[in-house]
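Before any comments, here is the structure.
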Amino acid sequence: MNHAGTASERPTAPSPDSELQQRLDQLELLHALTETVGQARSLDEIFAAALDGLLAILPADRASILLFDPDGVMRFKAWRSLSDEYRRAVEGHSPWQWGEEGAEPIQVDDVDAEASLQPFRDVIAQEGIRAFAFIPLLRAGKVVGKFMLYCDSPYCFGPEELQLARAIARTTSFAVERQRAEEGLRGSEARWRLLAESGAVLASSLELADTLSAIAHLAVPALADLCLIHLCDDAGSLRQVAAAHIDPSQERALEELGGRHLPSDNPRSRLMSVLESGEPALVEELDLEHLEEMLEDGELMDLVHEIQPRSAVAVPLSARGRSVGTLSLIYTLSERRFDRDDLPFVKELGRRAGLAVDNAQLYGQLRDDDRRKDEFLAMLAHELRNPLAAVVNAVELLRLRPEDARVRTMATDMVHRQTHHMARLIDDLLDVSRITRGRIPLRKDAVELVSLVRHAVDGYRPRLERQEQQLSLDLSSHPVWLQGDAARLEQVVGNLLDNATKFTARGGAVAVTVEEAGDDAVIRIADSGAGIGGDFLPHVFDIFAQEDRSLARTQGGLGIGLTLARSLVELHGGRVEATSAGLGKGSTFEVRLQRAPAPQAESEPSVASGQEAHKVMVVEDEPDTARALSEILRLWDCEVLTVPDGPAALAAAGRFGPDVVLLDIGLPGMDGYELARELRALPETSATRIIALTGYGQPADRRRSAAAGIDQHLVKPVEPSVLKEALAKGP
């Protein structure tokens, strides 16, 4: 069983272009579904539209919707492709229960591996279901039902797919709630009409400004003489985004004044109190003299006297347990007054508007994500083509001038440098994926920070020298100890150095400092380079974020190095901050980590000086890879046999008697996992050391290797030193 956040894995990944087109198609379907559900006029229509939309947008084979009945049992209300026998068998018998407040999606990516489903194993198997996803339907943060997605083969929905499912769930919950409110609400004809119209308006568009403006004008004059809607910005301030007045000539003045005066500027603002507390504010009779004391603003007070407010109510715009803004209704010229009987209705309108805001923001975020993904794919293609072009040119030089020692040295250095660059790009991408899913483990131990930073800096000296950049080191004169993963911390320092050298012009300066500050160890990397603009500075650590600084493209990069650095620092319980005086004025990155006591001295283990030669069987179907690997092994005095597939390996194992098998996983026909199990079953190779050399490096791949009897799992490209160390471990 998995909770939301596990990435989706397919046997064959789609191309970037098809994946992007699929994403855009999903967004269009989501928009169309929102309109269809918003226009539905019965629960059956809502359920039908929601289920059809789910199956059109997500890779599920079946779907259903269940809601709690008054007796507390969650029952099927609508379904697609489910038998009567299955529904009767499982209704009201879920092995998982969400808490009363809030919920996250639950996944079962393979029912055969889920022990809690044992009582239902037969009926699930008969139905042909192999995977589930449970998406909660929420009302005011409480679970009122759920979507069920079913797959006929094992499958794990990815974060973006779950995000789409949750958006559909919110739209459906809202529509169901609207429908029930319309059926059960007993009030004036105007309020009936307003709720119906507001529901249609809120559900029919994902363009936030137009929707909120329509709601404000819908409320006037049906509910009030004046309606103001404020939204909370990133800084926590309330900003007016919509206004409607019974006298349209007043609206321009309201909009201008709303842009200049923020409720957050006034410490006694009722709207800020509503936003922060999540509770409505009701003033049945407004006292203008009291308002004058509170406002302390002549221009605003002049407008108040012109409007002549007499009674007001303000409610929060709420979504997913948080307040995203406020809705204010005011009577001015009217003799009517708000009272406590109005609160439930106005709160309901505010809650619906809050859901509309949340859906619109989600839609905007999805559009931004698609735009950034498009930009990233173009950047990735650029970054991979450059080193590939260098490798192609180097190979051509070797082909044309094989006898020229200078050309040979230059070409091999070029290939070595560019393949390492490509490997780092791929590693960075995989690290981002692992961190996003919480799958990156830390191997913590005592780490001496000064030595670690010095070692990381040494790796960048060649680049600094090539670019004639001046390096200054100011490291602590005594050891500074941490508890952490040395490799990951060195990666942090390397990524920050990479950023500094990349955005610093030839002849510039880079300064690295390590010092102690109280209980913290501080790493500071400053440069005299391109600097960071004030608008971009808050986003400098965002994934794929790159400011338009021309030096970046000369040095390359995917815009994920700083994201990785921040994530790794936070995994260590630290923090990293960026500062800059602006474009062209350099930048400084500061890492703070908690210090640890110096470890107790331990005796060094003895190290064997020699290395035993091995009989190695290489199982690899790619001829160039197999040939190159075999030549390297022979240079290490190994006896080598190369075979292209599983059957050939099994046929040769008995007569060759290898003590090490280097095994590719993606073999034709019999894959590496199956071959490893077969080798373990043979008496001649039951104790042979098996090392996987593969491009599959996800945690699930490593688990499969271990289950198949593979001793070590190495991900291509493998450094020769790493392979040599693996061989030295022996059987």
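Miscellaneous remarks
- Scanning the range 580-597 for residues that are in a strand (DSSP E or B) and either touching a His at 6+ places or on another chain (Cβ under 6 Å) or open to solvent by less than 80 Å² (accessible area, probe 1.4 Å) (or both) yields Ser587, Thr588, Phe589, Glu590, Val591, Arg592, Leu593.
- Look at (1) among the β-branched types (Val, Ile, Thr); (2) open to solvent by 10 Å² or more (accessible area, probe 1.4 Å); (3) at pLDDT 80 or above and you find that Val201 fails only one, number (3).
- Number of the condition not met by Ile168 [criteria: (1) closer than 15 Å to Ile106 by Cα; (2) open to solvent by less than 10 Å² (accessible area, probe 1.4 Å); (3) within 24 Å of the chain's Cα centre (by Cα)]: (1)
- Answer residue from the range 57-80, given it is more than 19 Å from Gly128 (Cα to Cα) and open to solvent by 60 Å² or more (accessible area, probe 1.4 Å) and is modelled with the lowest pLDDT among those: Pro70
- Subset of the range 81-95 [in a loop (DSSP other than H, G, I, E, B) and surrounded by 11 or more Cβ atoms within 10 Å (Cβ to Cβ)]: Ser81, Leu82, Ser83, Glu91, Gly92, Ser94, Pro95
- Just one of the listed residues (Arg424, Arg463, Arg454) is in a helix (DSSP H, G or I), open to solvent by 80 Å² or more (accessible area, probe 1.4 Å), at pLDDT below 85 and charged (D, E, K, R), and it is Arg424.
- Contacts under 6 angstrom Cβ, first residue in the range 462-475 being closer than 19 Å to Ser451 by Cα, partner in a strand (DSSP E or B), 6 or more apart: Leu471/Val510; Ser472/Ala511; Leu473/Val512; Asp474/Thr513; Leu475/Val514
- Counting only helices (runs of 4 or more DSSP H) that sit wholly inside the range 640-731, those with at least 3 residues that are free of Cβ contacts under 8 Å to residues at least 24 places away in the same chain are 646-656, 699-707, 720-728.
- So Ala676, is it under 22 Å from Ala648 (Cα atoms) and either modelled with pLDDT of 90 or more or hydroxyl-bearing (Ser, Thr, Tyr) (or both): yes
- Some residue of the range 370-384 being assigned to a helix (DSSP H, G or I) and modelled with pLDDT of 75 or more: no
- Flag for Gln418 being modelled with pLDDT of 65 or more, buried (at least 18 other Cβ atoms within 10 Å of the Cβ) and polar (S, T, N, Q): yes
- Condition check for Cys151: in contact with a Ser or Thr (Cβ under 7 Å, 6 or more places away or on another chain), open to solvent by less than 50 Å² (accessible area, probe 1.4 Å) and either aliphatic (A, V, I, L, M) or modelled with pLDDT of 90 or more (or both): no
- Residue in the range 331-341 that is nearest to Ala242 (Cα to Cα), counting only those that are out of contact with any His (no Cβ under 9 Å at 6 or more places or on another chain) and in contact (Cβ under 8 Å) with a residue 40 or more places away in the chain: Tyr331
- Failed item in (1) aliphatic (A, V, I, L, M); (2) assigned to a strand (DSSP E or B); (3) farther than 25 Å from Ser528 by Cα; (4) open to solvent by 10 Å² or more (accessible area, probe 1.4 Å), with Leu442 passing the rest: (2)
- Residues located in the range 466-501, provided they are in a helix (DSSP H, G or I) and in contact with a strand residue (DSSP E or B) (Cβ under 8 Å, 6 or more places away or on another chain): Ala486, Leu489, Val492, Val493, Leu496, Leu497, Asn499, Ala500, Thr501
- The number of residues in the range 702-712 being open to solvent by less than 80 Å² (accessible area, probe 1.4 Å) and farther than 13 Å from Leu663 by Cβ comes to 1.
- Selection of the range 31-89 for residues being polar (S, T, N, Q) and farther than 16 Å from Tyr150 by Cβ yields Thr34, Thr36, Gln39, Ser42.
Okay, residues lined up against (1) open to solvent by 60 Å² or more (accessible area, probe 1.4 Å); (2) over 36 Å from the mean Cα position of the chain (by Cα); (3) under 28 Å from Thr412 (Cα atoms):
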| residue | (1), (2), (3) |
| --- | --- |
| Glu622 | yes, no, yes |
| Leu629 | no, yes, yes |
| Cys638 | no, yes, yes |
| Leu650 | no, yes, no |
| Val660 | no, yes, no |
| Gly669 | yes, no, no |
| Ile691 | no, no, yes |
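- Within the range 342-355, being under 17 Å from Val241 (Cα atoms) and either open to solvent by less than 10 Å² (accessible area, probe 1.4 Å) or part of a loop (DSSP other than H, G, I, E, B) (or both) holds for Leu349, Gly350, Arg352, Ala353, Gly354.
The values are calculated or read from the model by the stated rules, or taken from the named source; none is laboratory data. This is a predicted model, so every value here is computed, not measured. Positions of Cβ are generated from backbone atoms using ideal geometry, with glycine treated the same way; all protein chains shown enter the neighbour counts. In case anyone asks, the SASA skips ligands and DNA or RNA and just uses the protein heavy atoms, side chains included. Shrake-Rupley method; radii C 1.70, N 1.55, O 1.52, S 1.80 Å.
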